[in-house]
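Worksheet: one structure, shown below.
Every number in this text was worked out from the coordinates using simple rules, so none of it is lab data. Model, not experiment: these values are computed from the prediction. Glycine gets a Cβ as well: all are built from the backbone with ideal geometry, and neighbour counts include every protein chain shown.
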Amino acid sequence: MDPTHTLIPVKRERATFMALFRSIERSFIELDGFDSRLSDEDKTSIQVMKHRVASARGEASHLLGRHVQIDNDEDNARIRVLNLKSRLDSMDTGARMLAEQYRLNGGGHP
């Protein structure tokens, strides 16, 4: 292995990322059930969230890959992992809150 690269020890983060992705997907499935009652604004927001989640999934796959290497900077890798976890947590919270609003309003626009 090239000594200017450091393997990122982030395998332990895999379960956290997978749990966040599962939670977000559950919220999306629930929101899909309200599709005919979603406002245009909420439909647009959901599409944007889905796009961001897909992008984050690719980033997580890269960061958690077996041979991910970051030039000489393990701290940078940890920061990238923490930033991604923070973004996913925000997306998860947003999707769950929107689904909860529709659920509480009997499936109608909150």
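A few remarks follow.
- Using the Cβ-Cβ distance between A54 and L104 with R0 set to 30 Å, the FRET efficiency works out to roughly 0.60.
- Computed extension length for S45-A19: 7.2 nm, one decimal, from 0.36 nm per residue of separation with the Cα-Cα distance subtracted.
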